[in-house]
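Here is the structure we will look at.
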Amino acid sequence: MELHNLKPAKGSVKNKKRIARGQGSGRGGTSTRGHKGAKSRSGYSRKRNFEGGQMPIQMRLPKRGFKNFNRVEYVPINVERLQAISEKYSLTTIDMSTLVDNGIVRKNDKVKILGKGELTAKLNVTVHACSASAKQAIENCGGSVNLA
C-alpha cells in the first residue's frame, strides 16, 4: 500500500446535495422548500416553543405566586457537621473564612447553624445566624456563638 493508493472506505463518503443549481439537477425551482410560507423564505428561524400560531402553553396557564426579593437564603450547617469539620481540620474556631477556605460554603453564602446531632468539641463559632438549640449545644460544651 502506498500513499497514492489510499482512499476512504466504500460507502463512507457521500456527495453533497447541491440545491438551487438549475432544473437539470433535480433540485431547482423551489429547491426542496415547498411552495410559499415562512419556511420557504430565506432567513426563517422558528422561535423556541413556537406552536404554529396556537396560543403557547406558557400563555395558556395562569400566573401563580411571586418571588420575594427580600428573602435571605441561608446555607444550613448542623451541629454534627460542625463536630465533623472540627475533627477533620482540627479547628477550635470556625468562621466564614475557614468554611470558605475548606470548600464547605461559597464566599457570598450566608450560614445558619442548626441543632441536629451531638457536639463534644469546644468551638468558637462566628456565622450569620444560629438556632436556639444549636446555640445551647455549643455553649453546653464551653464554646461560644458570635453572629456576624
Taking the beta-carbon count within 10 Å as an exposure proxy, list 92, 98, 126 from fewest neighbours to most. 92, 98, 126
If each DSSP helix of 4+ residues adds -39,500 (n - 2.57) and the sum is divided by the residues in the chain, what number results at 222 nm, nearest 500 deg cm²/dmol? -5500 deg cm²/dmol
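Suppose a student asked you for the relative contact order of the chain, using Cα pairs under 8 Å spaced at least 6 residues apart; what percent would you report?
Details: 160 pairs, mean separation 22.8, N = 148.
The value is 15 percent.
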Among the listed pairs 63/110; 88/110; 88/135; 63/116; 39/67, those beyond 28 Å (Cα-Cα): 63/110; 63/116; 39/67
What list of ³J(HN,Hα) couplings, whole Hz, do you get for the range 44-54 from phi and the Karplus terms 6.51, -1.76, 1.60, once you set θ to phi - 60° and write x for glycine and proline? 6, 8, 6, 5, 4, 6, 5, 10, x, x, 5
Would you be so kind as to identify which of 136, 72, 31 lies farthest towards the positive end of the dipole of the chain, taking Lys and Arg as +1 and Asp and Glu as -1 on Cβ and the Cα centre as origin? 31
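Going by how many other Cβ atoms sit within 10 Å of their own, how do 91, 147, 82 line up, fewest first?
Values: 91 17, 147 10, 82 25.
Starting with the residue having the fewest Cβ neighbours, the order is 147, 91, 82.
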Using the number of other C-beta atoms within 10 angstrom as an exposure proxy, rank 55, 96, 1 with the fewest first. 1, 55, 96
Computed over the chain: longest principal axis from alpha-carbon atoms vs helix 79-89 long axis, angle to nearest 10 degrees, is 90
Amide H contacts under 5 Å for residue 93, placed H, 5+ residues apart: 124
Using modelled amide H (1.01 Å from N, peptide plane; none on Pro or chain starts), what sits under 5 Å from the amide H of residue 116, excluding residues fewer than 5 places away? 79, 80
Dipole magnitude of the range 17-99 about its Cα centre (Cβ charges: Lys, Arg +1; Asp, Glu -1), debye to nearest 20: 1420
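Laboratory data are not the source of any read-out in this text; all were calculated from the coordinates shown. These numbers come from a predicted model, not from an experiment. Neighbour counts run over all protein chains shown; Cβ positions are idealised from the backbone, glycine included.
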